[in-house]
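So the structure is just underneath, and the comments pick up after that.
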């Protein structure tokens, strides 16, 4: 925060701060539960003004995570409206901002190469077939009675 730009805007009042927090939560899905995070949102607003929520939407869409997002935004120099020619909406009301599209569709299993097994199944596919020779360390004569493993294998 040493190299962070100075504040250019006044502190937001309580209703505006609630709106900013709601907009941040709506865009990122990251809950704001602590006062320190609310204060960081207010500090980001004091640097960027009305461009704060659109900046959150752009940075979140490009990084895909809310981790360190507010710290990154707080340290960014404010941009002029002419520099923001990226085609994103400028409406900053929480209802108008929508969650960015899924940035990782099909990441786990691509549509053209589905898994060899049913991914919704509860069966464990990493288990190897059991080894029947592993139960033959001791014979029934050595044990005196059939072991539970030997009884299970003889079924």
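Rule-based calculations on the coordinates, nothing more; no lab input. In this text, all values refer to a predicted model and were calculated from it rather than measured experimentally. All Cβ positions, glycine included, derive from the backbone under ideal geometry; neighbour counts span all protein chains shown.
A few remarks follow.
- Dimensions in Å of the stretch 14-83 - Rg and Dmax from alpha carbons: 11.1, 35
- Listed from fewest to most Cβ neighbours within 10 Å, the set 72, 13 follows the order 13, 72.
- Ranked list, fewest to most other Cβ atoms within 10 Å of each Cβ, for 76, 8, 46: 8, 76, 46
- Residue ranges 57-63, 47-53 sort as 47-53, 57-63 when ordered by packing (mean number of other C-beta atoms within 10 Å per residue, highest first).
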